[in-house]
1. Over the C-alpha atoms of the stretch 1-134, what are the Rg and the largest Cα-to-Cα span, Dmax, in Å?
2. Checking the a/c ratio against 1.5 first, then a/b against b/c, what shape does the Cα gyration tensor give for the stretch 56-142?
3. First select every other residue whose beta carbon is under 10 angstrom from the beta carbon of L178; then total the charges, Lys and Arg +1, Asp and Glu -1.
4. Helix-only mean residue ellipticity at 222 nm, the chain, DSSP H runs n ≥ 4 weighted -39,500 (n - 2.57), per residue, nearest 500. What is it?
5. Relative contact order for the chain: what percent, with Cα pairs under 8 Å and sequence separation of 6 or more?
6. Using the reciprocal of the averaged 1/r over all distinct C-alpha pairs, how large is the Kirkwood radius of the stretch 91-144 in Å?
7. State the three equivalent ellipsoid semi-axes of the stretch 43-96, derived from the C-alpha gyration tensor as the square roots of 5 times its eigenvalues, in descending order and whole Å.
8. For the chain, what is the percent of antiparallel DSSP beta bridges, rounded to the nearest 5?
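Quick note: the coordinates plus some simple rules give every number you see, no bench work behind them. These numbers come from a predicted model, not from an experiment. Counting neighbours? That spans all protein chains shown, and the Cβs are built from the backbone with ideal geometry, glycine included.
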Amino acid sequence: MPNDNWTFFQAFLRSPQVVASVIPSSSFVERRVVRAADAMRASVVVELGGGTGGITRSLLRATGSHSRLLVIERTAEFIEHLRMIDDSRLSVVHGCASSIGVELERRGYPAADSVISGIPFSTMPASLGTEIIAAVHDALAPGGRFVAYQFTDRVVDYARPVMGTPAVEYEFCNVPPLRLFTWRKGGASRRNGA
Ligand SMILES: C[S@@+](CC[C@H](N)C(=O)[O-])C[C@H]1O[C@@H](n2cnc3c(N)ncnc32)[C@H](O)[C@@H]1O
């Protein structure tokens, strides 16, 4: 939505390191993320960094009527946008991605089938990146997927020791083009030494 673009740009100007992009992800990214996350078959989905909600809405369209979507977003301006999405399956939390375990437990969700993340691992302190990856891994159900769409591959440095080597896809129809990294807990990409 045009209004989303303006909100996004203003938030970027205020916090470039946290927002990390001048406009929301394209519809091509939205579709690719939904497919990579296997969202159609997920009961509990967590989105880290929902922004103005483009991927959030795509996930809600793709998932079933009994599914649940938890979005954790750190930027206050985006919370208002996300809370305007009228869908009883959606919960929006203003906080840090590292709280994923606590937020799932608070709602009585045993684990996440898919975790999707656009948060910028390349600009956050290494200690936070490591903490978030450990929290995501703990929160995933066996066989669950972690999909990170990113402009750099820094997330792989954090995730490889915990979750192994990801599958990689490219999406060129986005400003700028980006990569999707997908891990499966206990799946083909295995924890080093496990
Ligand atoms: C590149 S934007 C992606 C936004 C949106 N999902 C999209 O695709 O258009 C990154 C988002 O992650 C959020 N973010 C950054 N660090 C975060 C953190 N530690 N926890 C939760 N959200 C975070 C930012 O506020 C921003 O909304």
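1. 14.0, 38
2. Details: a/c = 1.88, a/b = 1.27, b/c = 1.48.
Oblate.
3. Details: positive: R32, R179; negative: E169, E171.
Net of charged neighbours comes to 0.
4. Working: 8 runs with 75 residues, N = 194.
Using -39500 (n - 2.57) per qualifying helix, the result is -11000 deg cm²/dmol.
5. Values: 381 pairs, mean separation 38.7, N = 194.
Relative contact order comes out at 20 percent.
6. On the way: mean 1/r = 0.0850 Å⁻¹.
Roughly 11.8 Å, rounded to one decimal.
7. Numbers: eigenvalues 62, 23, 16 Å².
Semi-axis lengths for the stretch 43-96 are 18, 11, 9 Å.
8. Numbers: 11 of 30 bridges.
Restricted to the chain, the bridges split so that about 35 percent are antiparallel.
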